[in-house]
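**Student:** This is the structure, below, for whatever I ask next.
The values are calculated or read from the model by the stated rules, or taken from the named source; none is laboratory data. These numbers come from a predicted model, not from an experiment. Backbone-built Cβ (ideal geometry, glycine too); neighbour counts: all protein chains shown. Side chains included, ligands, DNA and RNA excluded: accessible areas come from the protein's heavy atoms. Shrake-Rupley method; radii C 1.70, N 1.55, O 1.52, S 1.80 Å.
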Amino acid sequence: NAGVTQTPKFQVLKTGQSMTLQCAQDMNHEYMSWYRQDPGMGLRLIHYSVGAGITDQGEVPNGYNVSRSTTEDFPLRLLSAAPSQTSVYFCASPPPEGQGTAFYGYTFGSGTRLTVV
Amino acid sequence: AQSVTQLGSHVSVSEGALVLLRCNYSSSVPPYLFWYVQYPNQGLQLLLKYTSAATLVKGINGFEAEFKKSETSFHLTKPSAHMSDAAEYFCAVSRRSNDYKLSFGAGTTVTVRA
């Protein structure tokens, strides 16, 4: 089944450590995005990409970097983790039926639960 | 820019009772609207979507939502709650055209009482 795969599912970091959250999609869509989910705040957009080599900031980009070298992969990097980055992170991309001019929402990955101590 | 407001962070209903979750949006153009459900420790799953084909949209698991442009609302309903409906529900909005960015509401947690 076409979808979005995120790794790892869980991670504990110490303050100041770096890590990369991986995201891969096999739906061949140009658009990919990263959200963080915090209690009472819904999902907030961190970064997004409209195609290989093209990325842009969302609502809460500080402390995160992204790159998009291929259509399939969109990793999210934390260069120096802080306790405020403790959250659940979701990668998302439109499903196959959302190609072209129609937009039918996202297929989400299963999430990465990150704790920074 | 568009934003989404979900009224009520928690809703408690009895099994068999009506479920009503409220969502209002602000948008300068007619939007795409979505409802997602998140079960505990899982990702988000699409319940239903409005893309201008019809104002009353039916989704999975017996849920439906009505788009009311005059009220800028997209409330989610289910006539009879089931224990399995206990979850968190998110309303989301996107502009038309090729803008794929989704703005999410803060979420409403539904508990179902036996």
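**Student:** Could you look through segment B:60-85, keep only residues that are among the small types (G, A, S) and open to solvent by less than 40 Å² (accessible area, probe 1.4 Å), and pick out the one that is farthest from the other protein chains (Cβ to nearest Cβ)?
**Tutor:** Of segment B:60-85, the ones among the small types (G, A, S) are B:62, B:65, B:70, B:73, B:80-81, B:84.
Still in the running and open to solvent by less than 40 Å² (accessible area, probe 1.4 Å): B:65, B:73, B:81.
On the way: B:A65: 13, B:S73: 17, B:A81: 22 Å.
Going through the qualifying residues, I end up with B:A81.
**Student:** Taking the options A:G42, A:G63, A:G100, A:G51, name whichever one is at pLDDT below 95, of a type in the set (G, A, S) and open to solvent by 30 Å² or more (accessible area, probe 1.4 Å). I'd like the intermediate steps shown before the answer.
**Tutor:** Numbers: A:G42 fails: open to solvent by 30 Å² or more (accessible area, probe 1.4 Å); A:G63 fails: at pLDDT below 95; A:G51 fails: open to solvent by 30 Å² or more (accessible area, probe 1.4 Å).
Result of the check over A:G42, A:G63, A:G100, A:G51: A:G100.
**Student:** Given the options B:A114, B:A54, name the one that is away from chain A (no Cβ under 14 Å) and without any contact (Cβ under 8 Å) to a residue 12 or more places away in the chain.
**Tutor:** Criteria check complete, one pass: B:A54.
**Student:** Going through segment A:70-85 one residue at a time, which ones are free of Cβ contacts under 8 Å to residues at least 40 places away in the same chain and open to solvent by 80 Å² or more (accessible area, probe 1.4 Å)?
**Tutor:** Residue satisfying the conditions is A:S84 alone.
**Student:** Looking at A:R77 and the list (1) assigned to a loop (DSSP other than H, G, I, E, B); (2) at pLDDT 95 or above; (3) of a type in the set (D, E, K, R), which single condition is not satisfied?
**Tutor:** Answer for A:R77: the failing condition is (1).
**Student:** Something else about it: For B:L20, indicate whether it is in contact (Cβ under 8 Å) with a residue 12 or more places away in the chain, open to solvent by 50 Å² or more (accessible area, probe 1.4 Å) and touching a strand residue (DSSP E or B) at 6+ places or on another chain (Cβ under 8 Å). So that I can check it myself, show each step before the final result.
**Tutor:** Numbers: in contact (Cβ under 8 Å) with a residue 12 or more places away in the chain: yes; open to solvent by 50 Å² or more (accessible area, probe 1.4 Å): yes; touching a strand residue (DSSP E or B) at 6+ places or on another chain (Cβ under 8 Å): yes.
Yes.
**Student:** Give the residues of segment B:17-32 that are of a type in the set (A, V, I, L, M, F, W, C) and modelled with pLDDT of 90 or more, sorted by residue number.
**Tutor:** Residues of segment B:17-32 of a type in the set (A, V, I, L, M, F, W, C): B:17-21, B:23, B:29.
Result: B:A17, B:L18, B:V19, B:L20, B:L21, B:C23.
**Student:** Follow-up. State which residue pairs qualify: first residue more than 7 Å from chain B (Cβ to nearest Cβ) and inside segment A:38-51, second residue surrounded by 14 or more Cβ atoms within 10 Å (Cβ to Cβ) and among the basic types (K, R) in any location, beta carbons under 9 Å apart, and separation of 6 or more residues or different chains.
**Tutor:** A:D38/A:R44; A:R44/A:R36; A:I46/A:R36; A:S49/A:R68; A:V50/A:R68; A:G51/A:R68
**Student:** Give the residues of segment B:50-82 that are out of contact with any Gly (no Cβ under 6 Å at 6 or more places or on another chain), of a type in the set (S, T, N, Q) and outside any helix (DSSP H, G or I), sorted by residue number. Walk me through how you get there before you give the answer.
**Tutor:** Filtering segment B:50-82 down to residues out of contact with any Gly (no Cβ under 6 Å at 6 or more places or on another chain) leaves B:50-77, B:79, B:81-82.
Next cut, of a type in the set (S, T, N, Q) only: B:51-52, B:55, B:61, B:70, B:72-73, B:77.
Answer for segment B:50-82, where residues must be out of contact with any Gly (no Cβ under 6 Å at 6 or more places or on another chain), of a type in the set (S, T, N, Q) and outside any helix (DSSP H, G or I): B:T51, B:S52, B:T55, B:T72, B:S73, B:T77.
**Student:** I'd like to check something: does segment B:85-98 contain any residue that is without any contact (Cβ under 8 Å) to a residue 24 or more places away in the chain and closer than 22 Å to A:E59 by Cα?
**Tutor:** yes
**Student:** Quickly run through segment B:37-46 and pick out the residues that are open to solvent by less than 20 Å² (accessible area, probe 1.4 Å) and more than 10 Å from chain A (Cβ to nearest Cβ).
**Tutor:** Hit for segment B:37-46 is B:V37, nothing else.
**Student:** Please specify each residue of segment B:29-49 satisfying the condition of being part of a strand (DSSP E or B), under 13 Å from A:F108 (Cβ atoms), without any contact (Cβ under 8 Å) to a residue 24 or more places away in the chain and touching a Gly at 6+ places or on another chain (Cβ under 7 Å).
**Tutor:** Hit for segment B:29-49 is B:L46, nothing else.
**Student:** Right, here's the next one. Within the group B:V57, B:V110, which residue is open to solvent by less than 60 Å² (accessible area, probe 1.4 Å) and either at pLDDT 95 or above or of a type in the set (S, T, Y) (or both)? Show your work before the answer.
**Tutor:** Values: B:V57 fails: either at pLDDT 95 or above or of a type in the set (S, T, Y) (or both).
Checking each option against the conditions leaves just B:V110.
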